[in-house]
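As structure tokens, the structure follows; a few thoughts come after it.
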Amino acid sequence: MSSLVERLRVRSDKRPRYTLDESDDDFPPRGGNGKGKDRDGDPPVKQIEREDAKEDACRKCGLSDNLVSCTTCTYAFHRKCLVPCLNITSDKWSCPECVSPLTEMEKILDCETKVASEETSSSESGSNKKPVKQYLIKWKGLSHIHCTWVSEDEYFEAAKIHPRLKTRLNNFNRQFESTDKSDDDYVPIRPEWTTVDRVLASRKNSSGEREYYVKWKELSYDECTWESESDISVFQPQIERYNEILSRRKKSTDKSKNADRAMRHAEQTPEFLTGGKLHPYQLEGLNFLRYSWSINKRVILGDEMGLGKTIQSIAFLASVSEDKFGPHLVVAPLSTLRNWEREFATWAPQMNVIMYFGSGSSRDIIKKYEFYYSKDNPKKLKKNKSSSSNDEKKQSRIKFDVLLTSYEMINMDSAVLKTIEWECMIVDEGHRLKNKDSKLFGLLKDYHTQHRVLLTGTPVQNNLDELFMLMHFLEGETFGSISDLQEEFKDINQDKQVEKLHGMLKPHLLRRFKKDVMKELPPKKELILRVELTSKQKEYYKAILTKNYAVLSRRGGGHVSLINVVMELRKLCCHGFMTDEPDTEPASPEEGLRGF
């Protein structure tokens, strides 16, 4: 905890740079709380004469050179002496003495008490070093690397003018007191929040310095911030990655859809896979997927769970992307998207993989910065009123290689996603498409896709009808009429029927089991350890039966009530604290006798 506080103190000394040119004091600064702005055409605001204002001297440190003057009073400051949340955007701004910067506070993260610094002690006449309570502030529009400590006295001064600050402080104090600070997991600012995950865009500010639009690790897209290049200089790999993605852009060429779709048989792990070596059966899966794609036959990869369907799928998409085919869509449960992202980063880091999920504002940022490259000539595109031509131009400007999204996003943003022509669509846990009346089935079936792959460890869960529905999703022409298939295979117990069904499914289904492909694994051992109930559990067990004697002794009916009793007993056997303490005293002597 102490090391984190020290790092944050160092960060608080490194204030964000305001975009004033060091060689030109009259250059308009950046940022601002907007409180001191005058509307265009309004008469200039008369400045407040500060009696203690020193000419050509900073209000905070007393030094001169490169000062920024307040619009509403006669104070002047150095940029480094200003609170970060001012964000000056023009030459008109109000200093902290005129407008409290705490109005730009987003939230309070932490609290600590420390001895006042030497600078603070020397600046206040007659004051000795004494403990000072401070609050760690996260500012609006700024990332966690710009969080700063604000003293309690300064906070209370601002709260006199803005009472809501006092309410927010009281709420924080209540929550802070209930937090276990001794817990090793307690960290006000997680290291991931100050680590650059992706760079989305770049621009130059008014002073000519390069700025980057940054997404931070484990934070959503709606928490992206613009950062100066000097502030994130330690994250050069992410900046280089952004520049490398920009350099990939090429003008669209008229290539044949069948060009370079030839089967490329892999005898060993391809060089473009960096996560390790594939098992022989995984190479077989890669070749199966690649061959099916080359002949335009949509398939199911139905390996048993644990054989690496995700890795085989990533290897297949990386293989197709090496031949310049894309983009690809992966639809998976929300809980597995992070795992997909990690596996892509491990096995195919060269691919530009985007996770599309989150709030509406997060998805808007993804669509704005991650979906398409910027237009070459917007004026020329406006003259072309053909919607189909514009769609083709947007298709040629797609920025990502793979889009990871969840079933929920397919339902919510299908209008956006279905306009893209996908090369490959992979649906994880494809057995969710077994119901043709489901909304997900109908939406995904209408997507423009050259190739489709379903991943499922259980192609047949209950009956053949579900398998026929999966095949209908993949190959609607071959498996068009479900009723005809049901009639044809109504007597599946006959050997001829089974052989015929296998012949139909073999080109579309690859299914392996661990016992067949991983023979080096030792046989599974099952060890059953019987544990006696504790005396208290036995007492509660008996009490539950006694309390529900009427339900247990009833003839016929009461099925739901009986299940509830069994569930209570099951929870009790797991642990005595999982159930409410039953009333061990019988309601009447007769009921007590029945319990025996």
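The values are calculated or read from the model by the stated rules, or taken from the named source; none is laboratory data. In this text, all values refer to a predicted model and were calculated from it rather than measured experimentally. Counting neighbours? That spans all protein chains shown, and the Cβs are built from the backbone with ideal geometry, glycine included.
Within segment 572-589, restricting attention to residues that are within 11 Å of residue 540 (Cα to Cα) and at pLDDT 85 or above, the residue that is surrounded by the fewest Cβ atoms within 10 Å (Cβ to Cβ) is 573. Among the residues of segment 527-548, those identified as touching a residue at least 12 places away in the same chain (Cβ under 8 Å) and of a type outside the set (A, V, I, L, M) are 534, 536, 537, 539, 540, 541, 542, 546, 547, 548. In segment 284-391, counting only helices (runs of 4 or more DSSP H) that sit wholly within it, the ones holding 1 or more residues that are among the acidic types (Asp, Glu) and either surrounded by fewer than 21 Cβ atoms within 10 Å (Cβ to Cβ) or at pLDDT 95 or above (or both) span 309-322, 337-347, 360-369.
With respect to the stated conditions, residue 166 fails to be surrounded by fewer than 17 Cβ atoms within 10 Å (Cβ to Cβ), closer than 24 Å to residue 360 by Cβ and among the charged types (D, E, K, R).
Rundown of residues vs (1) of a type in the set (Lys, Arg); (2) touching a Gly at 6+ places or on another chain (Cβ under 9 Å); (3) not in a helix (DSSP H, G or I), yes/no style:
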{"position": "484", "(1), (2), (3)": "no, no, no"}
{"position": "490", "(1), (2), (3)": "yes, no, yes"}
{"position": "496", "(1), (2), (3)": "yes, no, no"}
{"position": "507", "(1), (2), (3)": "no, no, no"}
{"position": "522", "(1), (2), (3)": "no, no, yes"}
{"position": "531", "(1), (2), (3)": "no, no, yes"}
{"position": "537", "(1), (2), (3)": "no, yes, no"}
{"position": "540", "(1), (2), (3)": "no, yes, no"}
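Just name the residue that is surrounded by the most Cβ atoms within 10 Å (Cβ to Cβ) out of those in segment 410-467 that are of a type in the set (Asp, Glu) and part of a strand (DSSP E or B). If we take residues in segment 410-467 being of a type in the set (Asp, Glu) and part of a strand (DSSP E or B), then 428 is surrounded by the most Cβ atoms within 10 Å (Cβ to Cβ). Going residue by residue through segment 126-139, is there one that turns out to be modelled with pLDDT of 80 or more, surrounded by 17 or more Cβ atoms within 10 Å (Cβ to Cβ), over 26 Å from residue 62 (Cα atoms) and of a type in the set (D, E, K, R)? The answer is yes; a qualifying residue exists.
Taken together, the residues in segment 140-163 that are exposed (fewer than 12 other Cβ atoms within 10 Å of the Cβ) and either among the hydroxyl-bearing types (Ser, Thr, Tyr) or assigned to a strand (DSSP E or B) (or both) amount to 0.
The condition (being loosely packed, with under 15 Cβ neighbours inside 10 Å, farther than 17 Å from residue 433 by Cα, assigned by TED's automatic domain parsing to the domain that holds residue 432 and in contact with a Phe, Trp or Tyr (Cβ under 9 Å, 6 or more places away or on another chain)) is satisfied by just one residue among 490, 500, 496: 500.
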